[in-house]
1. I need the P(r) histogram for the stretch B:170-309: all alpha carbon pairs, bin width 10 Å from 0 out to the longest distance, whole percents.
2. If packing is taken as the average number of other Cβ atoms within 10 Å across a peptide's residues, how do C:238-251, C:96-109 rank, most packed first?
3. Per residue of the protein assembly as shown, what 222 nm ellipticity follows from adding -39500 (n - 2.57) for every DSSP H run with n ≥ 4, rounded to the nearest 500?
4. Among A:T76, A:T199, A:T165, which one moves the most in a GNM of chain A with springs linking Cα atoms closer than 10 Å?
5. Report relative contact order for the stretch C:98-168 in percent, whole number only (criteria: Cα-Cα under 8 Å, sequence separation at least 6).
6. Per residue of B:264-273, count partner chain C-beta atoms within 10 Å of its C-beta, then hand back the mean as an integer.
7. Considering just Cα atoms, how many Å³ per residue does the convex hull of the protein assembly as shown enclose?
8. Per-residue Cβ counts within 10 Å, from other chains only, averaged over C:95-105: what number is that?
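Since every read-out is calculated from the coordinates, none of them should be taken as a lab result. This one's a predicted model, so the numbers in the text were calculated from it and none came from an experiment. Quick reminder, even Gly has a Cβ in these numbers, built from the backbone with ideal geometry, and neighbours come from all protein chains shown.
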Amino acid sequence: MGVLTKLRNDRSAMICIIFLLIVALAGIFAPWIAPNSPIDVNVKEKLVGISATYPLGTDQLGRCILSRLLYGIRTTVFIACIAMVVTIVIGVIIGGIAGIFRGKIDEFIMRVCDIFMSFPSEVMILAIVGVMGPGITNIVIASIIAKWAWYTRMIRSIVRKYSDTNYIQYARVSGFSRWHIARKHIFPSTAGEISVLATLDIGSVIIMISGLSFLGLGVQPPTAEWGMMLNEAKNVMTIHPALMLPPGIAILLVVAAFNFLGDSLQDAFNAKHGKRMR
Amino acid sequence: MKRYLIKRLLSIVPLLLGISFLSFILINLSESDPAEVALRVNEITPTETAVSEMREELGLDNPFLERYMTWLTNSIKGDFGTSFINNKPVIEEIGQALPATLLLAFASFLIIFVISIGASIICTLYEGSMLDRGIRALVFIGEAMPGYWIGLLLMWFFSIKLDLLPTSGMSSWTSVILPAVTLAFAYISTYVRLMRNNMVQNKGENFVLYAKARGLKGRIILKRICKNSLQSTITALGMSIPKLIAGTVIVENIFAWPGIGRLSVTAILNYDYPVIQAYVFLMAVLFVVCNLLVDIVTASIDPRMRKEA
Amino acid sequence: MALLEVKNLSIYDTQTENSIIEKISFTVERNSSFGIVGESGSGKSMMVKGILGLMAPWMNVSGSVYFTGIDISEMKTKALRQVRANNISLIMQDAMSAFDPLDTIGKQMIETFSENLQVSKKEAKQLATSVLQRVGIKEAIHVLKKYPHQLSGGMLQRCMIAIAVALKPDMIIADEPTTALDAITQSDIIKMFQKLQTELGTTFIFISHDLAMIQQLTQEVMVMKNGKQVESGKTSDVLRRPQHTYTQYLVNTRLTMTKSFEKVLRKDTDHA
């Protein structure tokens, strides 16, 4: 049974996929579906409750919370996805080179990875943001620099695992070039495992990026971002605590959906390999 | 064991050098001129002469490698320069903030340790029951909840609604509770998951079966399961210490805890490079040293490793 | 009254929805020696676990196990523990993984004895030394200080036998006690079992796929295949005149193997 069929039969995994698709579409079409502007200040109507004009009420500056949530998908979720994709591309290139060519190149890449990984990623990110200054581009770059080493290492070991399998060894003996084997065989078969890694990890990237915005180091006001919305909610916590709920729940749901999907994907892949072994 | 120790100690020397080099070039990658920043924060107009004087004072015109060597030798002596903001020695600033962070990290570690082991034992004893499934559901939700949100919710509930604990600062011993719990929260989920799976796996091992077949008490068997599971989780638990110290950044900012996490964010917002540089360097060294200690502890606990090493 | 009577014992795996063993019944008299034969995967080891109540919770066990007339399959955990501690000892299949890797053999033996025999730590240690010597370990004190990974499979097997001997149970169940061992150690262990049988007067159940061992050690035998009981009776009868085709197959394969083995031996002697 293929991974896709297995996933299709997994109801909870399908719910996660559908939910994430809806979130993605809502983010893309935010300008059309958001009831109000996410940045227009309207002090007269600050902190109002749920109403027809403001489905989730307004914040301390009278901005529509639902609209800010919808636009926040673009910053919080999409930026995390971009960071993730770039990290993986780097990881695949460098890890792939290390895994396929081995020898001295491999040795060198691994030592560099060691050094990068000896910084806790939190510190690494702070250091880079510290050097380049706060801002959204900078935290994306910081996240990539902090994570590339780990991905390089994981992808290298996955590539090595596959290139040690019999059929790849056979292809090598048959005289196919390394690039041919890498392109035709190794990358397709490693893609699954890499996607599991990415899905499992993207939640933590979302939490990290919005955490930096929460600290004021990431997205700058007035752009809507979930972590920053929480920081703003903190300031009016005593008078209007409900403001903490929408962005927090939004992060929780999206991250939970990614994590759950990652677990299901992993199960699906394990089951597949389990069968092959038996 | 001795040979292993020496080998392990030697192996971190190049790593430490690499780290110091990396943290040095990080700062030098900066787009803004440190001399200019130093002048601005002291409210001196950065005229050309002022900048060049400052550059000389900071030794910025020397060749790159020479600057690195000076910085490295000074850093080893504990001299990280002076803060651009208040002209105090950086080591003093960090020295003042570090105890608060260590206290916070230590309190968190205790919470993580007790709760993860406790919850894992419960899960293992009642594997598959509602209790086990409940804890696993909590773990799942815990992994998806951002720490800063938990911090805010806890602060609102315990400090504002119930008025039981202080919202911020470090005024009494109760101040540490909320930040420590918040910090612990994110890690507990990971460790419960890790420990539980480990214990459940160990529970099915042959030595447990044979212990049961010998009629040993459940308590003794549980002790053996715990010991074997801890053995494999100790690396992860040990590595959580530097991660906790590094992870205090957000928590310290929420609860206005006067530690190095807060110091570093303030430094970043003010472009206070010497402080940032020192923070990054010290954290990385701490990480490497903890890593080393954990490896040694793991090796000395496991008789199999002891022999091979 | 028989020492052990198993009636219609079935085990069903609710996770994989597979039947492990089906309606197994047999009786073991006191002071006798009973053999259970079958290829690996025939459910022998599972059955032993089922008898001792060592099954994983998702395994559904039905049927009854009467030990001295009492149904132990209905017992509560605590009472069952007493049976395992004092009445039925198990010698496990894989000696290499049977002990806690993080503790010395001595500690694990002493713990077992002081828990089950109500003796002091010191007495337990003396007991451990003497039983180890009894099973043919000369440097017993030395062995007690070793960690499991520092001992060979045969050594650990002897340690398990020593524990069983020390506990003086009514019955010892040995599950494939020689499978993981080399040929020489195998014959040593078999000789030791023979010695113990005459010395101790304990009832034995031997589980094996090795017909030679069963032949040497048991009086009665039961043959299992795919979780079902195919034949049982006196060991000599069953091995000499197997009724069921499966038993015939087992006996024949073994005979051909021994024959070719003997041929090789003869060749060697011819050359020499």
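1. Pair shares across the bins are 10, 27, 29, 19, 11, 4, 1.
2. Details: C:238-251: 16.7, C:96-109: 21.0.
The packing order, highest mean first, is C:96-109, C:238-251.
3. -21000 deg cm²/dmol
4. A:T165
5. Working: 76 pairs, mean separation 28.1, N = 71.
Rounded, it is 40 percent for the stretch C:98-168.
6. 4
7. 243
8. So the per-residue partner count for this stretch is 5.
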